[in-house]
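Enquirer: Supplied in structure tokens, the structure appears directly below.
The values are calculated or read from the model by the stated rules, or taken from the named source; none is laboratory data. The structure presented is a predicted model; accordingly, all values stated were derived computationally and were not measured. Cβ placement follows ideal geometry from the backbone for every residue including glycine, while neighbour counts extend to all protein chains displayed. When the accessible area is computed, the model is the full protein with side chains, heavy atoms only, and any ligands, DNA or RNA have been set aside. Shrake-Rupley method; radii C 1.70, N 1.55, O 1.52, S 1.80 Å.
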Amino acid sequence: MEAKPAAMEVEGVEAAGGKPRFRMPVDSDLKATEFWLFSFARPHMASFHMAWFSFFCCFVSTFAAPPLLPLIRDTLGLTATDIGNAGIASVSGAVFARLAMGTACDLVGPRLASASLILLTTPAVYCSSIIQSPSGYLLVRFFTGISLASFVSAQFWMSSMFSAPKVGLANGVAGGWGNLGGGAVQLLMPLVYEAIHKIGSTPFTAWRIAFFIPGLMQTFSAIAVLAFGQDMPGGNYGKLHKTGDMHKDSFGNVLRHALTNYRGWILALTYGYSFGVELTIDNVVHQYFYDRFDVNLQTAGLIAASFGMANIISRPGGGLLSDWLSSRYGMRGRLWGLWTVQTIGGVLCVVLGIVDFSFAASVAVMVLFSFFVQAACGLTFGIVPFVSRRSLGLISGMTGGGGNVGAVLTQYIFFHGTKYKTETGIKYMGLMIIACTLPIMLIYFPQWGGMLVGPRKGATAEEYYSREWSDHEREKGFNAASVRFAENSVREGGRSSANGGQPRHTVPVDASPAGV
């Protein structure tokens, strides 16, 4: 992660002819070739910060209930089945919402799609303060959980703003810092509750008022996305469609090319047992430590928070590892990295279920497990941007939706009702991780190869991405962005390929910033 050079702090203007110029070096597709974490340079880094923060707020809203569950449980008279059903509801709503979000990103852009979803789901957060029954609790968790589809727009956004050598890192940090909300809320909600309670509110009232904090956060994040976000480096979708700089695609074509690409389905399955497992742990870990080891509410919250808070470095670390492996071994390195890290995460999950006799061992293994399962999420989205260019949003949605499907199935099978003890469910979940990671070996890119087989002789990235366009569309130049992406993805073939053609900065650094 490069720090922003001081010389770049002066705002620039548009180049002659109206072509946008940027504060960051970009490639021929106007995607940033560097990642300045602490910069707000528009549009690349400003969109990055809008993406991760809005997703962070949605995560806080979705998992605001579990830290206060002992209080909510007593107030509403929730049974173990009620709690299990609500946990499933909180992650099931986003399954189809993520598919819809991916399609919306392809058709109208990530800025409008993200802000609309966040605003539409915000009322459910506020309604959490007035629920009176188990069914009301289930409904607010379901509708609030739909906001997690903002993850898809965040990943699509980063894949549109950053070049191939940095896309894994950008996706990893945006997703990781967003997921950080799942850990932060474990600390936030008990503190907010205690503050309100000490002012003089009864426990019955205090936990209800506490839900206004995540509600306000989510509201303001949507407004910020609309005010400061931008769909693409060259402008918003509406402008690009009007000027003819971007082809306005049809839903049918986007859907067809996504559904017929088997790589997207495999990544959806494997992501179901990385991110899906993370969602499951977010729902059960607080109550598990509270009940199993008889700790108080704040201690259980701190332990649960440590799992989610690991995202500050674990998921970005996975994205960074993906980019580093690509620089040395190309796409094959990205695939091997994902399989290895996620499999180790599965083994650690099994161990977590076995060491339930020891509080210290359980905490230690859980923290270690969190790093690997979250890094696997970052590694996954180091691969997703290369699966398809025409249907990038829907492929991202399929993968993200797979995460939610995995969470729903895992919670239903292992953590629903009283069939399994929680520690037993955790152990079986680890075995599922190991098994569902194996299909990564089947992913193969003709131009770059797969885990076990090298590239096909003569195959090129341009040929791979151009197959998504008809001869007529190619003649019209609709595939121009796909061609530029192929040119800038040369290092995915490994070190020898990269030495033969490094991506170029088409906008010089010392003349670059943009007011677009």
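Enquirer: Just to be sure, is Phe40 at negative phi, in the same structural domain as Met189 (by the TED database) and in contact (Cβ under 8 Å) with a residue 60 or more places away in the chain?
Expert: No.
Enquirer: Same structure again: Can you list the helices (runs of 4 or more DSSP H) found entirely within region 208-303 that contain at least 2 residues being in the same structural domain as Val91 (by the TED database), over 24 Å from Arg315 (Cβ atoms) and touching a Leu at 6+ places or on another chain (Cβ under 8 Å)?
Expert: 212-228
Enquirer: From Ile440, Ile434, which residue is in the same structural domain as Met331 (by the TED database), within 22 Å of Ala375 (Cβ to Cβ) and open to solvent by less than 10 Å² (accessible area, probe 1.4 Å)? Give the derivation first.
Expert: Working: Ile434 fails: open to solvent by less than 10 Å² (accessible area, probe 1.4 Å).
Answer to the selection: Ile440.
Enquirer: For residues that are of a type outside the set (D, E, K, R) and more than 25 Å from Gly406 (Cβ to Cβ), scanning just region 302-332, find the one that is modelled with the lowest pLDDT.
Expert: Only one residue tops the list, namely Leu302.
Enquirer: Please specify each residue of region 128-149 satisfying the condition of being part of a helix (DSSP H, G or I) and open to solvent by less than 40 Å² (accessible area, probe 1.4 Å).
Expert: Ser128, Ser129, Gly136, Tyr137, Val140, Arg141, Thr144, Gly145, Ile146, Ser147, Leu148, Ala149
Enquirer: Related question: How many residues are open to solvent by 40 Å² or more (accessible area, probe 1.4 Å) and farther than 26 Å from Thr121 by Cα when one looks only at region 204-243?
Expert: Counting residues in region 204-243 that are open to solvent by 40 Å² or more (accessible area, probe 1.4 Å) and farther than 26 Å from Thr121 by Cα gives 4.
Enquirer: Moving on. Give me the residue from region 171-203 that is open to solvent by 40 Å² or more (accessible area, probe 1.4 Å) and not in a helix (DSSP H, G or I) and, out of that set, nearest to Thr62 (Cα to Cα).
Expert: Per the stated criteria, the residue is Thr202.
Enquirer: Still on this model: What is the one condition in (1) surrounded by 18 or more Cβ atoms within 10 Å (Cβ to Cβ); (2) among the charged types (D, E, K, R); (3) at pLDDT 90 or above that Glu463 does not satisfy?
Expert: (1)
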